[in-house]
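The values are calculated or read from the model by the stated rules, or taken from the named source; none is laboratory data. All of these numbers come straight from a predicted model, not from anything done at the bench. Note: ideal-geometry Cβ built from the backbone for every residue, glycine included; neighbour counts use all protein chains shown.
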Amino acid sequence: MDRRNFLKKSTLLATAPFVPEFLARTALAAEKASSNDTILVVIEMTGGNDGLSMAVPYTDDDYYKARPKLAIPKAQVLKVTDEIGLHPSFFGLQNLVTAKQLAIIQGVGYPNSDRSHFESMDRWQCAEVTKEVSGRGWLAKSTDGLSKGEAVGVPVMHVGGDKLPMACRGAVNGVLSIHKAEDFELRASEDGGAGEKPVKKLLADVSKGSLDEDELLSFVRRRQLQTFESIDTLKEVLDGFKRDPIWGRQFSSLTGKMNLISRLIREGFGTRVFYVAIDGFDTHANQLTDLQRLYAEVGSAISSLFTDLARSKDDKRVAVLTFSEFGRRVAENGSGTDHGAGSFLLCAGPAIKGGTHGKRPSLTDLDQGDLKVTTDFRQVYATLLEKWLKVESKGVLGDKFETMNFVA
């Protein structure tokens, strides 16, 4: 097959509708990730997670006075420090706590907090606290830094719903969203028929360097020709999941998504940041029972991820961050809590320094009934960008923010 026919017939089309166009032009995903590449998994706890239920100040009498019905009894708390412990439903994280690999970041939020779900979530996802945000997410902004040199494939991947979160929007390329249990398949010819095999063979020969770097390679870079291998790699991982009889239910759960992420990491897919979400944290009522279920799922999912990755020793290069758009008020409203400001985040992994980080907010010196913000959330982002992902943070966050010490 000569170059003219190749360029005419080879369309490199991904048939699945949720495969973005850039994946048909790049091939990092086909390359094995370096053993030194660090990976961040971001868990969005949608709805405004109640930080005081997640990170319980079990020695503070004011906590029990403010929450006569909702306070977690001291005897049930999973103690992290002498003052702060986890909700008992986070039993799946006990090993990380014992190994001092789970950090609780205190009083996190932003100045002049907005208690609207939509406005606040936009600010967190864009890392901007202006009245109007740009609409370009902080992870999308980081793709250039994550894709230095020849690695320009799929640095950020969203696993979950059919709507790409704002944190991942606005990248020129480098973001992939998986949200359906469908096949990935590369068409190398227009009809997918008789011309398929010779075109794919040509692509394979060129990508493996078995052809001379002649005029053909001046038209199509080697990295682009490896694209079909990346889609095949992803297809193999998904096919493995789909053989499981509970595929649909598993993919819809946080643990199922984490299992898929674990497989992609172990397969060397090359992604540096994974983004998932779990809904249900808008607990104006029924907070005790709702959070018990949600925290158990989050704890189990994180534990499952690290347990699975430990088998291939990939756990040491992975960190998990949880976040929510805001915290909730100190005082209960009866069976729940209302929208607040400052809250708590979790960060976990073998390279994370366990314990509490940031100034603990007072339960009596409040901002209109809310915990005051003592840690700007952009400090958390700056720490993970600079110290973990090795990305210059000023270009992502628009300013230089002081980093924290929860990354070893």
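See the values below:
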| read-out | value |
| --- | --- |
| Strands (runs of 3 or more DSSP E) fully within the stretch 293-408 counting 1 or more residues that are under 22 Å from T46 (Cα atoms) and touching a residue at least 40 places away in the same chain (Cβ under 8 Å) | 318-323, 343-348 |
| Number of the condition not met by V129 [criteria: (1) in contact with a Phe, Trp or Tyr (Cβ under 6 Å, 6 or more places away or on another chain); (2) outside any loop (DSSP other than H, G, I, E, B)] | (2) |
| Selected residue (only one of I105, I84 is under 26 Å from the mean Cα position of the chain (by Cα) and buried (at least 23 other Cβ atoms within 10 Å of the Cβ)) | I105 |
| Only one of T322, T337, T307 that is of a type in the set (S, T, N, Q), over 18 Å from G280 (Cα atoms) and modelled with pLDDT of 95 or more | T307 |
| Exclusive hit being of a type in the set (A, V, I, L, M) and farther than 16 Å from L254 by Cα, set L321, L291, L345, L305 | L345 |
| Subset of the stretch 139-163 [farther than 17 Å from G395 by Cβ, buried (at least 21 other Cβ atoms within 10 Å of the Cβ), over 12 Å from the mean Cα position of the chain (by Cα) and at pLDDT 75 or above] | V154 |
| Single match in Y58, Y64 (criterion: under 18 Å from A331 (Cβ atoms), in contact with a helix residue (DSSP H, G or I) (Cβ under 9 Å, 6 or more places away or on another chain), free of Cβ contacts under 8 Å to residues at least 60 places away in the same chain and crowded, with 19+ Cβ neighbours inside 10 Å) | Y58 |
| Residue in the stretch 67-115 that is nearest to A351 (Cα to Cα), counting only those that are in contact (Cβ under 8 Å) with a residue 60 or more places away in the chain and among the polar types (S, T, N, Q) | Q101 |
| Matching option when the condition is modelled with pLDDT of 90 or more, more than 28 Å from M258 (Cβ to Cβ), assigned to a helix (DSSP H, G or I) and of a type in the set (K, R), among K65, K8 | K65 |
| Where a residue in the stretch 267-283 is within 12 Å of L139 (Cβ to Cβ) and its partner, wherever it lies, is not hydrophobic (A, V, I, L, M, F, W, C), with Cβ under 7 Å and at least six apart | T271/P155; R272/D37; R272/P155; V273/P155; Y275/H158; Y275/P165 |
| Number of positions in the stretch 71-111 that are of a type in the set (S, T, N, Q) and either closer than 24 Å to T375 by Cα or part of a loop (DSSP other than H, G, I, E, B) (or both) | 3 |
| Any hit, the stretch 138-155, residues being free of Cβ contacts under 8 Å to residues at least 60 places away in the same chain and over 19 Å from L389 (Cβ atoms) | no |
| Residues of the stretch 367-406 satisfying the condition of being over 20 Å from the mean Cα position of the chain (by Cα) and aromatic (F, W, Y) | F401 |
| Matching residues in the stretch 275-290 - criterion: being over 21 Å from the mean Cα position of the chain (by Cα) and either assigned to a strand (DSSP E or B) or buried (at least 22 other Cβ atoms within 10 Å of the Cβ) (or both) | T283, Q287 |
| Tally of residues being surrounded by fewer than 21 Cβ atoms within 10 Å (Cβ to Cβ) and either charged (D, E, K, R) or touching a Cys at 6+ places or on another chain (Cβ under 6 Å) (or both) across the stretch 318-350 | 2 |
| Residue tally, condition in contact with a Ser or Thr (Cβ under 7 Å, 6 or more places away or on another chain) and closer than 17 Å to G47 by Cβ, over the stretch 257-277 | 1 |
| Matching residues, the stretch 365-402, being among the small types (G, A, S), touching a helix residue (DSSP H, G or I) at 6+ places or on another chain (Cβ under 6 Å) and under 30 Å from D60 (Cα atoms) | none |
| Matching residues in the stretch 369-408 - criterion: being crowded, with 19+ Cβ neighbours inside 10 Å and hydroxyl-bearing (S, T, Y) | T375, Y381, T383, S393 |
